[in-house]
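Notes follow once the structure below has been shown.
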Amino acid sequence: MRELRRTGGSPEQPPATGQFASRRNLLLGTAAAGAALLATGCTSNETKDESDSGKQPAGAPGDKPGKKVTIGFAGPQADHGWLNAINEEGRRRAKAYEDVTLVSTEGSNDTAQQIGQIETLINKKVDVLVILPADGKALTGVGLKAMRAGIPVVNLDRVFNSPQAYRCWIGGDNYGMGLNAGRYIGERLKGKKNAKVVELAGMDSLELTQERTRGFDDALKNYPNIRKVARQAAEFTVESGQKKMAELLQAQPKFDALWNHDDDQGVGAERAIKQAGRDEFVMVGGAGSRHSMDVIKADNTVLKATVLYPPTMAASAIDLARALGQGKGVGGLAEQEIPASLTLYSAVVTKENVDQYLPTGFN
């Protein structure tokens, strides 16, 4: 399952139509806004320890403690910057609540091992489970087992095959990442004749990569002056990003914009660009790493923007789990129950708004 370790995001994205249509219909403006919305009505008390991260969680809790809730948290191995940020956001959010006890697994990309870890949490009779499965399809059965045991499941990002395996899904919008990257590039180049763009994608075996490309291509259809002239698939690693970007640069002597799917592989892409001495184009990244945001703020390279795939979804998942455990709804909505799904918005971070998003940047 190496490919699942190399990317933040979902190899199985929720369908945009039919019974899961609400996932695309309910967008939370930004990751921070999403966390704030959830915190308003289904969370909170005073933060116990802000020094843990040097910053307070987005939408920090503010109401009085309620019923005590034990949340089990199970995710994959954190061997990618985004996945590590998922774990940190979940732990940080749980610490903000006096009434929440978090029981975390070590995290594994071995399907059988992760199933065993979740079964241990079920046997401990936790009140709610938050699960980011290494493989949504393979772990659907254990999600069903938890739900049948009366333990609500918050399915984080990589979706289970059956809606019966979870009470609520929360995650990012891979199609929206590509769409917003394409719109940003389109607006930058809309006055240029015969503009050329290239794409440094992720792993083509993953649906998330295909969705990001589809969104990008759909956005470019609105700009007839722009043509995508090349595409290379990398592997969400620094090394692959450098190698594949070097190949793109060699094959394309001149182009106007680059859309890179992942900020980790983007570090390698930046190296290849610097080595080639190229600067005639603008680069747009993906996911929202702290490195990319720092570079965007400095404004002294080709990297001008990154499109978020916010790891703060883990903090919001804790909010949702606490709400489920306490029988609360979401502030700002008329419904008494939390929604069945929440799709986060893929905001574009630029020099103009980077300070707003710096606290969410991951290492």
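For region 265-305, give the magnitude of the charge dipole about the Cα centre (Cβ charges: +1 Lys/Arg, -1 Asp/Glu; no others), in debye to the nearest 20.
Values: 6 positive and 5 negative charges, 21 e Å.
With only Lys, Arg, Asp and Glu charged at Cβ, the dipole is about 100 debye.
Taking the Cα centre of each part, how many Å lie between region 304-341 and region 190-221?
Taking the Cα centre of region 190-221 as reference, the centre of region 304-341 is 29 Å away.
What are the ³J(HN,Hα) values, in whole Hz, obtained from phi via the Karplus relation 6.51 cos²θ - 1.76 cosθ + 1.60 with θ = phi - 60°, for each residue of region 270-285 in sequence order, with x given for Gly and Pro?
Ordered by residue, 3J(HN,Hα) equals 4, 4, 5, 5, 5, 5, 7, x, 9, 8, 7, 10, 9, 10, 10, x Hz.
Which cross-chain or sequence-distant (5 or more) residues have an amide H under 5 Å from the amide H of Trp169, H modelled 1.01 Å from N in plane?
Asn155, Ser341, Leu342
Rounded if a/c is under 1.5, else prolate if a/b is larger than b/c, else oblate: which is region 202-266, with a ≥ b ≥ c the root eigenvalues of its Cα gyration tensor? List each step's numbers first, then the result.
Details: a/c = 2.35, a/b = 1.19, b/c = 1.97.
Here region 202-266 falls in the oblate category.
Are any of the pairs Lys196/Lys304; Lys190/Lys351; Lys190/Lys243; Lys64/Lys351; Lys244/Lys304; Lys67/Lys125 more than 28 Å apart by Cα-Cα distance, and if so, which? Provide the component values of the computation, followed by the final result.
Details: Lys196/Lys304 17 Å; Lys190/Lys351 20 Å; Lys190/Lys243 30 Å; Lys64/Lys351 38 Å; Lys244/Lys304 20 Å; Lys67/Lys125 16 Å.
From Lys196/Lys304; Lys190/Lys351; Lys190/Lys243; Lys64/Lys351; Lys244/Lys304; Lys67/Lys125, over 28 Å: Lys190/Lys243; Lys64/Lys351.
How large is the accessible surface per residue of region 187-295, computed with a 1.4 Å probe and reported in Å² as a whole number? Display every interim value, and only then the final one.
Details: 4800 Å² over 109 residues.
Accessible area per residue, region 187-295: 44 Å².
Are there GluC sites (Glu not before Pro) in region 228-326 that DSSP puts in a loop and that have at most 10 other Cβ atoms within 10 Å, and which ones? Could the numbers behind the result be given before it?
Details: sites: Glu235, Glu239, Glu247, Glu270, Glu280; in loops: Glu235, Glu280.
Those satisfying the criteria are Glu280.
For region 213-363, what's the relative contact order in percent, using C-alpha pairs closer than 8 Å and at least 6 residues apart? It would help to have the intermediate numbers written out before the result.
On the way: 210 pairs, mean separation 28.9, N = 151.
Result for region 213-363 is 19 percent.
In region 247-299, what percent of the accessible surface is made up of carbon and sulfur (1.4 Å probe, ligands and nucleic acids excluded)?
Working: 920 of 2050 Å².
Using a 1.4 Å probe with all protein chains present, region 247-299 comes out at 45 percent carbon and sulfur.
Within the accessible area of region 93-179, what % is carbon and sulfur when the probe is 1.4 Å and the other protein chains stay in place? Mind showing how you got there, number by number?
Working: 1390 of 3020 Å².
Ligands and nucleic acids excluded, carbon and sulfur reach 46 percent.
Give me, ordered by chain and number, the residues 5 or more places off Arg231 or on other chains with an amide H under 5 Å from its own placed amide H.
For Arg231, whose amide H was placed from the backbone, the distant partners under 5 Å are Glu199.
Amide H of Val69 versus every other amide H placed in the peptide plane: which residues, excluding those fewer than 5 positions away on the same chain, fall under 5 Å?
It is Val100, Thr101, by chain and number.
Select from region 116-159 those trypsin sites (Lys or Arg not before Pro) which occupy a DSSP coil region and have at most 12 other Cβ atoms within 10 Å, ordered by residue number.
Lys124, Lys125
Arranged from highest to lowest average of other beta-carbon atoms within 10 Å per residue, in what order do the peptides 213-225, 71-83 appear?
Working: 213-225: 17.3, 71-83: 23.3.
Descending mean neighbour count gives 71-83, 213-225.
Using the Karplus curve 6.51 cos²θ - 1.76 cosθ + 1.60 with θ = phi - 60°, work out ³J(HN,Hα) for each residue of region 232-244 in order, rounded to whole Hz, and write x for Gly and Pro.
Listing the rounded values in order: 10, 9, 10, 10, 6, 10, 4, 4, 5, x, 5, 5, 6 Hz.
Highest mean first, what order results for 336-343, 286-293, 300-307 on Cβ atoms within 10 Å? Numbers along the way, then the final one.
Details: 336-343: 18.8, 286-293: 25.4, 300-307: 21.4.
Answer by packing, highest mean first, reads 286-293, 300-307, 336-343.
Show me, for region 169-178, the HN-Hα J-couplings you get by feeding each phi into the Karplus relation (A = 6.51, B = -1.76, C = 1.60, θ = phi - 60°), rounded to Hz, glycine and proline as x.
Couplings: 10, 9, x, x, 10, 5, 4, x, 4, x Hz.
Provide the net charge surrounding Gln252, with neighbours chosen by a C-beta distance below 15 Å and charges set as Lys +1, Arg +1, Asp -1, Glu -1.
On the way: positive: Lys196, Arg227, Lys228, Arg231, Lys244, Lys254, Arg278; negative: Glu199, Glu247, Asp256, Asp279, Glu280.
Once all neighbours under 15 Å are counted, the net charge is +2.
Does region 84-146 come out rounded, prolate or oblate by the C-alpha gyration tensor, with a ≥ b ≥ c the root eigenvalues, rounded set by a/c under 1.5 and, if not, prolate when a/b is larger than b/c and oblate if not?
Numbers: a/c = 2.28, a/b = 1.44, b/c = 1.58.
Oblate shape, in that a/c is at least 1.5 and b/c is the bigger or equal ratio.
The values are calculated or read from the model by the stated rules, or taken from the named source; none is laboratory data. Predicted, not measured: the structure shown is a model, and the values here were computed from it. Virtual Cβ from ideal backbone geometry, glycine too; neighbours counted across all protein chains shown. When the accessible area is computed, the model is the full protein with side chains, heavy atoms only, and any ligands, DNA or RNA have been set aside. Shrake-Rupley method; radii C 1.70, N 1.55, O 1.52, S 1.80 Å.
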